[in-house]
């Protein structure tokens, strides 16, 4: 029994252009799948479609089964029940993903309160715990801070804490580290990896960067122009890419790596 | 916050001082002599000189200015050249008409523009959303006096529901009568003001609808209404408040047109009469009070924005503009 099952998903713009073309994928509980492709390949749209959050005017057909809910054609009411419960998402840009006018603590309290029915001091304690759990130092101070008062890495940890606060069965991470510095990036990946393993949470990890995907995912699906070109275990894809496009992806990741090896004089 | 308030207050005083200099000097650069208004046509040179002496316009300008500022500091707006009555009490009597007029029009405009602007943004792909945007575009092009005359023609002359103009001589002593005579002017200003406000509310709402934080809230299980209530309204209000400040100030200054159309004894018509008669103390008094009001409105708008937006408090420009 899979927790996410996408069959023949087609996403079209209002003027009829096809952005995602008959995409199928499925995720078992606790499984971690990387969705990789360049910008415009439809990977972020796919992740938004899973939560029924496509931009206005876009339409989808096919089937997305998330838990027991069919997302394609679902009412807003059904979608609200699913969002945050069956799946939660961490977005790419942590500065704009948080409300600039609201203290971080209150923003985390929102899904926490809704999900667990907490109020008052209990809710406050849960917020602190949520911030501690994403390894933020001085959680009380961070809870009182506004998003512009903390660093990019800290903001993304807050966003991660908000998603985890819902205790979803599936975590969707849409390029969660792309906007971050490289050093912060790898810390956050380690953290995400550890947290989802602890919880045996399934992950749909969307990225354009094969190295980043390899760090978190065990299986990868390569997307090009809205179509799945190749799918398999990360190890197999990296060692023996079958499709030309996948080869290019692997080669460019390797080139960066070899440049590093060369320059370091080894 | 205390430092900000202090700085902002100092700024207000400096602006007010500069504005008084400018309005004093500009007024005296206008052609015409107030003494002419006091004397009859064909008056002799001696009569005119006597008239100048009686109102003090024969003295050097710096001395006249110092005299005026000296009065202002004591809270005295001076004495009319023409009626020899003090300007201050007259201004406050006129404010009894202009302030309720402006405040009610402003409140009505906000009540119209906020929901209409929201619908124009949220339902922009429907026919009524587009219609609202269209009406607002059209409304911006409508002059206040023209709308005022149309409303008079329809509701006062034809339907005879409301008075075409004028204000009861004993003012608010007759609250029913006084309110009735303000209805059409208030509606006139409010409709014109809301036309441009709808545009700003619409664009602020579009920004919010398009924002990542709204998407985050919904992605984690908020309904659209909850997300809009908790995150959308506050964020949209920041840019709208600065526009509201500007609109309120310009309505106060623009009241002269509506007051003329509806024959209301407000601050605007006092200014118009003052200008016609070269009555410097009256013009100066009205403009000084208006400037003060505009500065205070700007101050208030700024303060409210800072209370809402922590980025402004931190001295960051934030996402406001």
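The values are calculated or read from the model by the stated rules, or taken from the named source; none is laboratory data. All figures in this text were calculated on a predicted structure; none of them were measured in a lab. Every residue, glycine as well, gets a Cβ built from its backbone with ideal geometry; the counts of neighbours run over all protein chains shown.
Summary table
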{"item": "Test result for residue A:211, out of contact with any strand residue (DSSP E or B) (no Cβ under 7 Å at 6 or more places or on another chain) and within 14 Å of another protein chain (Cβ to nearest Cβ)", "result": "no"}
{"item": "Flag if residue A:145 is over 17 Å from the mean Cα position of the chain (by Cα), surrounded by fewer than 20 Cβ atoms within 10 Å (Cβ to Cβ) and farther than 18 Å from residue A:36 by Cβ", "result": "yes"}
{"item": "Pairs, first in contact (Cβ under 8 Å) with a residue 24 or more places away in the chain in the range B:176-192, second outside any helix (DSSP H, G or I), C-beta under 6 Å, six or more apart", "result": "B:181/B:163; B:181/B:167; B:184/B:162; B:185/B:262"}
{"item": "Selection status of residue A:154, surrounded by fewer than 24 Cβ atoms within 10 Å (Cβ to Cβ), touching a residue at least 60 places away in the same chain (Cβ under 8 Å) and away from chain B (no Cβ under 11 Å)", "result": "no"}
{"item": "Pick from the range B:80-91, criterion over 23 Å from the mean Cα position of the chain (by Cα) and buried (at least 19 other Cβ atoms within 10 Å of the Cβ), ranking: modelled with the highest pLDDT", "result": "B:80"}
{"item": "Residues satisfying the stated conditions in the range A:70-83, i.e. within 13 Å of chain B (Cβ to nearest Cβ) and surrounded by fewer than 18 Cβ atoms within 10 Å (Cβ to Cβ)", "result": "A:75, A:76, A:77, A:78, A:81"}
{"item": "Count of residues meeting criterion [exposed (fewer than 12 other Cβ atoms within 10 Å of the Cβ) and in a helix (DSSP H, G or I)] in the range B:29-76", "result": "8"}
{"item": "Residue A:35 being more than 9 Å from chain B (Cβ to nearest Cβ), farther than 30 Å from residue A:148 by Cβ and modelled with pLDDT of 90 or more", "result": "yes"}
{"item": "Test: residue in the range A:81-88 that is on the phi > 0 side of the Ramachandran plot and modelled with pLDDT of 90 or more", "result": "no"}
{"item": "Candidates B:240, B:320, B:256 - the one that is within 14 Å of chain A (Cβ to nearest Cβ) and at pLDDT below 90", "result": "B:320"}
{"item": "Test: residue in the range A:130-142 that is at pLDDT 90 or above, within 14 Å of another protein chain (Cβ to nearest Cβ) and farther than 28 Å from residue A:47 by Cβ", "result": "no"}
{"item": "Yes/no for residue A:19 being in contact (Cβ under 8 Å) with a residue 60 or more places away in the chain and surrounded by 18 or more Cβ atoms within 10 Å (Cβ to Cβ)", "result": "yes"}
{"item": "Residue that is nearest to the chain's Cα centre (by Cα), among those in the range B:253-268 that are surrounded by fewer than 23 Cβ atoms within 10 Å (Cβ to Cβ), in a helix (DSSP H, G or I) and in contact (Cβ under 8 Å) with a residue 24 or more places away in the chain", "result": "B:253"}
{"item": "Filter result (touching a helix residue (DSSP H, G or I) at 6+ places or on another chain (Cβ under 7 Å), in a helix (DSSP H, G or I), facing chain A (nearest Cβ under 10 Å) and farther than 20 Å from residue A:155 by Cβ) within the range B:192-229", "result": "B:209, B:224"}
{"item": "Enumeration of residues in the range A:49-67 that are more than 10 Å from chain B (Cβ to nearest Cβ), in contact with a helix residue (DSSP H, G or I) (Cβ under 9 Å, 6 or more places away or on another chain) and either surrounded by fewer than 21 Cβ atoms within 10 Å (Cβ to Cβ) or assigned to a loop (DSSP other than H, G, I, E, B) (or both)", "result": "A:54, A:58, A:67"}
{"item": "Residue count, the range A:107-125 (criterion: touching a helix residue (DSSP H, G or I) at 6+ places or on another chain (Cβ under 8 Å) and either touching a residue at least 24 places away in the same chain (Cβ under 8 Å) or within 14 Å of chain B (Cβ to nearest Cβ) (or both))", "result": "9"}
